[in-house]
Amino acid sequence: MGRRILVAGCGSIAAVKLPQLVSSLVQHGAQVRCVLSPKAEQFVSPLALASLSRHPCSLEAHQWDPCQPRPLHIALAEWAELVLVAPLSVTTMARLVHGLADTLLSSTLLASQAPLLVAPAMNTAMWEAPAVQANWQALCHWPRLLPLEPSSGLLACDSRGMGRLPELELILQGTRAALVTGGVADLKGLRILCSAGPTREFLDPVRCLTNPSSGRMGVAMALMARLRGAAVELVHGPLSNVPPSWLEPLETCPVVSAAEMGAALAQRLPQVDGLVMAAAVADHGPGLTSSVKWPKGALPNPLPLQEVADLSAGLASQLRRDQWMLGFAAQQGLDRARALEKQERKGFDWIFLNAIDLAGQGFGQQTNGGILIWGDGREQGLNTQDKAALAGAIWSALAKELHQFHRSGPDKV
Ligand SMILES: Cc1cc2nc3c(=O)[nH]c(=O)nc-3n(C[C@H](O)[C@H](O)[C@H](O)COP(=O)(O)O)c2cc1C
């Protein structure tokens with residue numbers, strides 16, 4: 001990341017997760033400073049945060065230290081390129097909404113002009129209290145603010161419900177998104193449908209034709225769009241190697257076969273502005289299927305294959321002029337001519353070409369890179385990087401165009 005991140009922790013039991021968060025940020029290359037509210041000091045060790053961030057942890061008492069050459073809240077606010085408030089307490093949320101600068105932490109947040117990422121954590125009843133919800137809604141309207149809603153699960157008060165601090169992995173991805181966009185929800189107003197993962201074409205109840213796609217790239221596209229303000233629906237095949245927390249902020253529809261994926265996407269397509277087709281849909285299924293398991297010796301050999309209808313071409317043919325489609329082409333080598341031919345044949349507005357045979361790219365990998373190609377042949381190379389970072393780079397390349405998208409020519413439907 002290589003950026004200056006101020007981690008601000010409030011008085012919630014979830015503050016015990018701060019050392020791990022700070023450690024992860026540092027391991028991702030961020031420069032980290034920490035500031036704690038007076039109550040947070042009771043939940044987490046400032047010494048641990050100082051050690052893990054390699055810098056003194058700022059506490060309430062430091063604000064009033066006559067040896068400070070400048071007001072500490074101003075120095076911290078000006079230092080930060082991003083302020084990450086995790087956990088955000090009910091009280092500090094109210095302080096921010098009402099402009100109360102009565103702690104070092106709230107003074108710093110109010111003095112900051114950096115993007116803010118806020119991750120509240122609290123008991124479910126507190127979260128649902130009308131006053132808290134009103135404050136949360138008001139906070140979500142701040143410019144440069146990326147809100148991460150609490151997740152659901154077991155709480156320290158022994159109840160289950162909404163109020164848990166989002167998983168650290170999700171906070172890291174939110175940090176990534178906020179650093180790219182400056183906290184601005186640049187995809188707000190867009191409704192985006194994404195597909196991800198492989199499909200499985202069953203030959204009998206225990207055998208299938210599939211591929212090694214993990215779904216990580218497609219889910220990363222969906223997550224980054226969501227974190228940048230879009231309303232996102234994700235239709236996905238069986239996923240592997242995708243952090244479960246990436247799915248948390250998304251509306252998801254799990255499917256298994258190409259036919260199920262086609263039906264789920266076609267049903268949702270009319271309601272969205274655009275479709276990201278990142279799923280690795282089977283192009284062939286077994287020509288013979290059985291509802292009972294074939295005995296080993298009775299398996300059809302050779303196995304007859306049957307072509308599966310081209311799902312993405314079918315969906316592209318149903319697009320209105322105001323709907324766009326981004327396709328992915330996983331190929332051996334970076335063959336632009338083949339990618340352009342695929343783009344034209346299938347009717348994609350953009351295609352992302354990535355090589356499956358280059359180191360650090362393709363199916364099952366954590367990283368990917370390639371070339372984003374426009375219909376008119378323009379292109380932008382995107383370095384091999386973490387798939388979530390790559391998804392962010394693809395959205396950055398397209399964000400402006402998506403808001404004013406209108407294809408020339410008639411509707412395709
Ligand atoms: C054991 C304990 C756990 C708490 N957990 C939370 C919590 O998860 N979320 C929250 O908003 N407040 C929680 N509180 C209440 C806050 O600590 C209290 O509102 C405090 O004023 C917050 O101050 P701060 O925002 O300056 O950190 C908890 C209090 C105690 C004693």
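The values are calculated or read from the model by the stated rules, or taken from the named source; none is laboratory data. No experiment lies behind these values; they were computed from the predicted model shown. Don't worry about glycine lacking a Cβ; one is built from the backbone with ideal geometry, like all the others, and counts go over all protein chains shown.
Side notes on the structure shown:
- Scanning segment 1-43 for residues that are surrounded by fewer than 23 Cβ atoms within 10 Å (Cβ to Cβ) and within 14 Å of the ligand (Cβ to nearest atom) yields Gly11, Ile13, Val16, Lys17, Pro38, Lys39, Glu41, Gln42, Phe43.
- Scanning segment 92-105 for residues that are assigned to a helix (DSSP H, G or I), over 28 Å from the mean Cα position of the chain (by Cα) and within 11 Å of the ligand (Cβ to nearest atom) yields Arg95, Leu104.
- Among the residues of segment 146-180, the ones that are of a type outside the set (Gly, Ala, Ser) and under 16 Å from the mean Cα position of the chain (by Cα) come to 17 in all.
A quick yes/no check of all residues on (1) part of a loop (DSSP other than H, G, I, E, B); (2) within 12 Å of the ligand (Cβ to nearest atom):
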site	(1), (2)
Leu110	no, no
Leu117	no, no
Met122	yes, yes
Trp136	no, yes
Trp142	yes, no
Gly153	no, no
Leu187	yes, no
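- Subset of segment 124-134 that is small (Gly, Ala, Ser) and assigned to a helix (DSSP H, G or I) - its residue that is farthest from the ligand (Cβ to nearest atom): Ala134
- Among the residues listed as His62, His73, the single one being within 16 Å of the ligand (Cβ to nearest atom), in contact (Cβ under 8 Å) with a residue 12 or more places away in the chain and surrounded by 18 or more Cβ atoms within 10 Å (Cβ to Cβ): His73
- Condition check for Gly161: in contact with a Ser or Thr (Cβ under 6 Å, 6 or more places away or on another chain), surrounded by fewer than 20 Cβ atoms within 10 Å (Cβ to Cβ), in a strand (DSSP E or B) and not assigned by TED's automatic domain parsing to the domain that holds Pro249: yes
- Of all residues in segment 122-176, those being without any contact (Cβ under 8 Å) to a residue 60 or more places away in the chain, polar (S, T, N, Q) and closer than 24 Å to Ser396 by Cβ number 0.
- Filtered residue count, segment 322-336, keeping only those that are aromatic (Phe, Trp, Tyr) and either at pLDDT 95 or above or surrounded by fewer than 17 Cβ atoms within 10 Å (Cβ to Cβ) (or both): 1
- Flag for Leu47 being farther than 23 Å from Glu169 by Cα, crowded, with 19+ Cβ neighbours inside 10 Å and more than 14 Å from the ligand (Cβ to nearest atom): no
- Taking residues in segment 38-56 that are aromatic (Phe, Trp, Tyr), and partners anywhere that are in a helix (DSSP H, G or I) and within 14 Å of the ligand (Cβ to nearest atom), the pairs with Cβ atoms closer than 8 Å and at least 6 places apart or on different chains are Phe43/Ile13; Phe43/Ala15; Phe43/Val16.
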